[in-house]
Amino acid sequence: MTNIEDHAKQLGRQTPMPDSPEAAQLDRVPNPHADTDYLARFTAPEFTSLCPVTGQPDFATLVIDYVPDRWLVESKSLKLYLGAFRNHGAFHEDCTVGIGRRLVALLEPRWLRIGGYWYPRGGIPIDVFWQSGPPIQSVWLPEQGVAPYRGRG
């Protein structure tokens, strides 16, 4: 197995917030259980980006589920990458699908899905869901656990 420090360039170091998602460095580390199908989940309940038209903040809960193959995403780099969207203007669909595709390109997982549960913009919640292909039949896929938007009452 390779040394973690060879892959996780930000882990254990003081790292500034990237200026943009494109500038963010996502790190991956070797999966010690690459011979096993299992689900890993990241939940980002305070994700923010900016509306590309008005510049107003948009808020979402992101749930990222993946079945790793040879690589795991290093969590500090994922946190910094997601934080880089705070000053990034993009529509909900672009943010959600773009994050999923970037993770698939980096990790080459057996499967990945992302759910973007966005708070209303203009009175309408826009939830966005994307997955890399059909689910792996041998893996338990729990519900993402985010209730649909109800408003008050």
*Mind checking whether some residue in region 101-115 is within 23 Å of R150 (Cβ to Cβ), more than 13 Å from the chain's Cα centre (by Cα) and not hydrophobic (A, V, I, L, M, F, W, C)?*
no
*Which of the residues spanning region 74-87 are among the basic types (K, R) and either touching an Asp or Glu at 6+ places or on another chain (Cβ under 9 Å) or surrounded by 20 or more Cβ atoms within 10 Å (Cβ to Cβ) (or both)?*
K76
*Looking for whichever is at pLDDT below 95 and small (G, A, S) here; the options are G83, G98, G89, G123. Which one fits?*
G123
_I need the strands (runs of 3 or more DSSP E) fully contained in region 46-153, keeping only those with at least 2 residues that are more than 19 Å from E22 (Cβ to Cβ), in contact with a Lys or Arg (Cβ under 7 Å, 6 or more places away or on another chain) and not aromatic (F, W, Y)._
57-67
*Note down all Cβ pairs under 7 Å where the first residue falls in region 133-153 and is of a type in the set (S, T, N, Q), the second is part of a loop (DSSP other than H, G, I, E, B), and they're at least six residues apart or on different chains.*
S138/D37
*Within region 116-138, how many residues are aliphatic (A, V, I, L, M) and surrounded by fewer than 15 Cβ atoms within 10 Å (Cβ to Cβ)?*
1
*Filter region 62-73 for residues that are of a type in the set (D, E, K, R) and either surrounded by fewer than 20 Cβ atoms within 10 Å (Cβ to Cβ) or modelled with pLDDT under 95 (or both) and give the result.*
D69, R70
_Which numbered condition in (1) under 20 Å from V29 (Cβ atoms); (2) in contact with a Ser or Thr (Cβ under 8 Å, 6 or more places away or on another chain) is the only one that H88 fails?_
(1)
*For region 37-61, name all the residues that are buried (at least 20 other Cβ atoms within 10 Å of the Cβ) and among the small types (G, A, S).*
S49, A60
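The values are calculated or read from the model by the stated rules, or taken from the named source; none is laboratory data. What you are looking at is a predicted structure, and each value in this text was computed from that prediction instead of being measured. Cβ coordinates were reconstructed from backbone atoms using ideal geometry, including for glycine residues, and neighbour counts include every protein chain displayed.
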